[in-house]
Amino acid sequence: MLTLVAAVAVGYLLGAIPSAELAARLKGRRIFEVGSGNMGAMNTARNLGYALGTAVLAADVAKGAAATAAALAMAAVVGLGPLERLVVALAAGVAAVVGHAWSVFVAWRGGKGLATILGVSLPLYPLGGLAGLGLILALVLLTRRAHLAAVLTLLAYPWLVALVALRSGEPLETAFALFTATLPLAVVSLVKHRHQRGPAAS
């Protein structure tokens, strides 16, 4: 239990690092006062330059990956089994996305979490995460509407991740754990998309 609590705390604090706000301050701006007001890579790129936007994207992916990788390491140190390690890491991943969406460092504001959701997947279920990335890119090309593409991808994401896990030979309990954890990830981002109608971003 202590390992789980510690992993969630670390995940939240990593996710809460306000990458876009820090980048905006380099130019003397506040990310919440430019463009769509979203604390994400796309808003940063469109209003503060693509170099900063790319840096924010990389940082937001990295903090999600760092949260789950750190949780895996913590769980391994205390000798947890494979499924228990996965559960602890998934909990840290959920906390990281919550931290990105509602960061304690910027008065409980934040971004939509798409890049951080991708980062969460990389140490745990990279094929599922990349499948989600492929889906959103395909939908953007088909619909020409980033917001709609993001919402549709988020609705499909838990099912997609679980299906990819099963097709990759993972046991049913692993696929179920992935579905259970990616569902709140999708819900958090959907809530943020509902309240921020600007272009989809991290």
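The values are calculated or read from the model by the stated rules, or taken from the named source; none is laboratory data. Every value quoted in this text rests on a predicted model; they were computed, and no experiment measured them. Don't worry about glycine lacking a Cβ; one is built from the backbone with ideal geometry, like all the others, and counts go over all protein chains shown.
Residue check: is Leu154 part of a helix (DSSP H, G or I), of a type in the set (A, V, I, L, M) and surrounded by 24 or more Cβ atoms within 10 Å (Cβ to Cβ)?
Taking the combined requirement at face value, the residue satisfies it.
Quick one: in segment 111-151, which of the residues that are among the β-branched types (Val, Ile, Thr) and over 12 Å from the mean Cα position of the chain (by Cα) is farthest from His193 (Cα to Cα)? Steps first, please.
Here is the first cut: in segment 111-151, the ones among the β-branched types (Val, Ile, Thr) are 116-117, 120, 136, 140, 143, 151.
Cutting the leftovers down to over 12 Å from the mean Cα position of the chain (by Cα) gives us 136, 140, 143, 151.
Details: Ile136: 14, Val140: 15, Thr143: 17, Val151: 8 Å.
Selected residue: Thr143.
Assess whether Ser103 counts as being surrounded by fewer than 23 Cβ atoms within 10 Å (Cβ to Cβ) and not hydrophobic (A, V, I, L, M, F, W, C).
yes
In segment 67-101, what residues are within 16 Å of Leu185 (Cβ to Cβ), out of contact with any Lys or Arg (no Cβ under 7 Å at 6 or more places or on another chain) and not β-branched (Val, Ile, Thr)?
Hits for segment 67-101 are Ala67, Ala71, Leu86, Ala89, Leu90, Ala91, Ala92, Gly93, Ala95, Gly99, His100.
Only one of these conditions is not met by Gly79: (1) touching a helix residue (DSSP H, G or I) at 6+ places or on another chain (Cβ under 8 Å); (2) over 19 Å from Phe176 (Cα atoms); (3) not in a helix (DSSP H, G or I); (4) not hydrophobic (A, V, I, L, M, F, W, C). Which number is it?
Just one mismatch for Gly79, condition (1).
Checking the condition modelled with pLDDT of 95 or more and surrounded by 17 or more Cβ atoms within 10 Å (Cβ to Cβ), which residue from Leu133, Leu141, Leu124 passes?
Leu124
Out of (1) crowded, with 18+ Cβ neighbours inside 10 Å; (2) closer than 24 Å to Leu183 by Cα, what's the single condition that is false for Ala9?
(1)
Just to be sure before I move on: is Val10 modelled with pLDDT of 95 or more and among the β-branched types (Val, Ile, Thr) in the structure I sent? Steps first, answer last, please.
On the way: modelled with pLDDT of 95 or more: yes; among the β-branched types (Val, Ile, Thr): yes.
Yes, satisfied.
What are the residue pairs meeting all of these: first residue in segment 114-130, first residue under 15 Å from Val98 (Cα atoms), second residue surrounded by 24 or more Cβ atoms within 10 Å (Cβ to Cβ) and β-branched (Val, Ile, Thr), Cβ atoms under 6 Å, and 6 or more apart or on different chains?
Thr116/Val97; Ile117/Val97; Val120/Thr68
Return yes when Leu72 is at pLDDT below 95 and surrounded by fewer than 24 Cβ atoms within 10 Å (Cβ to Cβ) and no when it is not.
Criteria not met by Leu72.
Only one of Ala41, Ala51, Ala71, Ala55 is touching a residue at least 60 places away in the same chain (Cβ under 8 Å) and closer than 25 Å to Ala150 by Cα. Can you tell me which? Can you show your working first?
On the way: Ala51 fails: touching a residue at least 60 places away in the same chain (Cβ under 8 Å); Ala71 fails: closer than 25 Å to Ala150 by Cα; Ala55 fails: touching a residue at least 60 places away in the same chain (Cβ under 8 Å).
So the residue among Ala41, Ala51, Ala71, Ala55 that is touching a residue at least 60 places away in the same chain (Cβ under 8 Å) and closer than 25 Å to Ala150 by Cα is Ala41.
So that you can scan it fast, the table gives a plain yes or no per residue for (1) under 17 Å from Ala41 (Cα atoms); (2) part of a loop (DSSP other than H, G, I, E, B):
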| residue | (1), (2) |
| --- | --- |
| Val87 | no, no |
| Ala91 | no, no |
| Ala96 | yes, no |
| Ala131 | no, no |
| Leu142 | no, no |
| Ala165 | no, no |
| Glu170 | no, yes |
| Thr182 | no, no |
| Val191 | no, no |
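Restrict the check to segment 116-128 and report whether at least one residue is in contact with a strand residue (DSSP E or B) (Cβ under 8 Å, 6 or more places away or on another chain), under 15 Å from Ile17 (Cα atoms) and not acidic (Asp, Glu).
No, the conditions are met nowhere in segment 116-128.
Between Gly53, Gly64, Gly40, which is buried (at least 24 other Cβ atoms within 10 Å of the Cβ), of a type in the set (Gly, Ala, Ser) and in contact with a Lys or Arg (Cβ under 8 Å, 6 or more places away or on another chain)? Steps first, please.
On the way: Gly53 fails: buried (at least 24 other Cβ atoms within 10 Å of the Cβ); Gly64 fails: in contact with a Lys or Arg (Cβ under 8 Å, 6 or more places away or on another chain).
From the options Gly53, Gly64, Gly40, the qualifying one is Gly40.
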